[in-house]
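The values are calculated or read from the model by the stated rules, or taken from the named source; none is laboratory data. Keep in mind it's a predicted model, so treat the numbers as computed, not measured. Backbone-built Cβ (ideal geometry, glycine too); neighbour counts: all protein chains shown. Protein only, heavy atoms only, side chains kept; ligands, DNA and RNA dropped before computing areas. Shrake-Rupley method; radii C 1.70, N 1.55, O 1.52, S 1.80 Å.
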Amino acid sequence: PFVYCGLLSFIMLPFYFLNRRKNKRKRIYYAVCLGLFCCLFLIEPLNMVMHAFDQPEMFAHRFSYFFCFIITIIACEQFVSVRDIKMKWFGLLSGFAICVFLLCHFMYDQMWDEKYNANTGVTFAVNIVFWIGYIFILKKIQEKKWDMITWRVVITFFLMVELGVNAAMCMQRMEHTVMKQDTYDAICALQENTFEKIQKEDDSSFFRIAY
């Protein structure tokens, strides 16, 4: 499913679970929630339950925004303690993340046709640049070289740019999986004709239309 909620959230995520200063019970609770959502994504019968026992049209895993919401909350709680994280751990996480990005890139190349694959070389390169940018900003925050207002403005602006750029790249790919406006208008016109025909026949049955 599409569960993207920003690189900064995923940078903070592992440090939250490794931070012993955070409430243990709360860490377990969040881990269980994330694990449960992974099961809902991967196990088809559970996925069907979340969609009222029906196969969703066009967009699968429509409940995935809950997953993003939980990750964002976790990231916010950890960001408060960002100055307690040593830079070497950011370096290790960066190396691991690059390996994961490369693995996902090659896996998607094998699994999906190019026109359906949002994880392109350009996407990979752009997100590596954003990742480096986040590490640079976090380093400045740790070194206390920026006052509170400055680093809040910088990181908010950088976050908005990153989310906007990634959203734009994903939207460019969505035209292959989501119908264009003129196609949608044509289908709506056809459905209106069908509705009018049903009304003329005085048919009071219940219909569910899917295409």
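Going by what's in this entry, would Ile198 be described as open to solvent by less than 50 Å² (accessible area, probe 1.4 Å), in a helix (DSSP H, G or I), at pLDDT below 75 and more than 21 Å from Ala125 (Cβ to Cβ)?
yes
Val100 is checked against (1) open to solvent by 40 Å² or more (accessible area, probe 1.4 Å); (2) under 18 Å from the mean Cα position of the chain (by Cα); (3) at pLDDT below 70 and fails just one. What number does that condition carry?
Every condition holds for Val100 apart from (3).
I want to confirm something. Restricting to region 1-24 and keeping residues that are in a loop (DSSP other than H, G, I, E, B) and under 25 Å from Val161 (Cα atoms), which single residue is least open to solvent (accessible area, probe 1.4 Å)?
Gly6
Kindly list the number of the only condition in (1) open to solvent by 80 Å² or more (accessible area, probe 1.4 Å); (2) modelled with pLDDT under 75 that fails for Ala118.
Among (1) open to solvent by 80 Å² or more (accessible area, probe 1.4 Å); (2) modelled with pLDDT under 75, Ala118 violates only (1).
Residues of region 58-96 being closer than 13 Å to Pro14 by Cβ and open to solvent by 60 Å² or more (accessible area, probe 1.4 Å), which ones?
Result: Trp89, Leu92, Phe96.
Does region 45-57 contain at least one residue that is surrounded by 17 or more Cβ atoms within 10 Å (Cβ to Cβ) and in contact (Cβ under 8 Å) with a residue 24 or more places away in the chain?
No - not one qualifying residue is present in region 45-57.
Assuming Cys39 fulfils every condition listed in (1) under 21 Å from the mean Cα position of the chain (by Cα); (2) touching a residue at least 60 places away in the same chain (Cβ under 8 Å) apart from one, which condition is it?
Unmet for Cys39, out of (1) under 21 Å from the mean Cα position of the chain (by Cα); (2) touching a residue at least 60 places away in the same chain (Cβ under 8 Å): (2).
Can you say whether Arg27 is closer than 23 Å to Leu93 by Cβ and surrounded by 15 or more Cβ atoms within 10 Å (Cβ to Cβ), as far as the supplied structure shows?
yes
If a residue must be without any contact (Cβ under 8 Å) to a residue 60 or more places away in the chain and part of a helix (DSSP H, G or I), how many such residues does region 139-164 contain?
So the answer is 17.
So in region 2-29, with the set limited to residues that are over 17 Å from the mean Cα position of the chain (by Cα) and among the hydroxyl-bearing types (Ser, Thr, Tyr), which one is farthest from Phe136 (Cα to Cα)?
Filtering first and then ranking leaves Tyr29.
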